[in-house]
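Structure, as structure tokens:
The values are calculated or read from the model by the stated rules, or taken from the named source; none is laboratory data. Keep in mind that what you see is a predicted model, and the values were worked out from it rather than measured. Please note: Cβ atoms are built from the backbone with ideal geometry, for glycine as well, and neighbour counts cover all protein chains shown. Just so you know, the surface numbers come from the protein's heavy atoms only, side chains and all, with ligands and any DNA or RNA stripped out. Shrake-Rupley method; radii C 1.70, N 1.55, O 1.52, S 1.80 Å.
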Amino acid sequence: GELLPRDEVTADAAAMAEELRGLLFSIPQRIAPLCEGKPAREIEMLIEDGINDSLQTLQKSRFAKGSRP
């Protein structure tokens, strides 16, 4: 119900996007060593976990649902 300063929201969104981008691009380096010799389904689960962990970054936003600006 409150209006927020556009520059604060824009800055927060940009910071979250940059952090998320970095985390997503780091998935291959983090996951690859764990994949050696594993079956495809287990590798899929490792990748999904890496993506989900990265997406949790969005919850750090000052303006995420349930947080207070």
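Out of the total accessible area of the chain (probe 1.4 Å, heavy atoms of protein only), what percent is carbon and sulfur?
Numbers: 3180 of 5530 Å².
The C+S portion of the solvent-accessible surface of the chain is 58 percent.
Select from segment 8-54 those GluC sites (Glu not before Pro) which occupy a DSSP coil region and have at most 11 other Cβ atoms within 10 Å, ordered by residue number. Intermediate values should be presented prior to the final figure.
Working: sites: Glu8, Glu18, Glu19, Glu36, Glu42, Glu44, Glu48; in loops: Glu36.
Filter output for segment 8-54: Glu36.
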Check: For Lys38, what charge total do you get from the other residues with a beta carbon under 14 Å from its beta carbon, if Lys and Arg give +1 and Asp and Glu give -1?
Finding: -4
Margin query: In the chain, if the dipole is taken from +1 on Lys/Arg beta carbons and -1 on Asp/Glu beta carbons about the Cα centre, which of Ile43, Met16, Pro5 is farthest to the positive end?
Written below: Pro5
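Given a 1.4 angstrom probe, what's the average accessible area per residue across segment 8-67, in square angstrom? Walk me through the numbers on the way to the answer.
Working: 4330 Å² over 60 residues.
Here the residues of segment 8-67 average 72 Å² of exposed surface.
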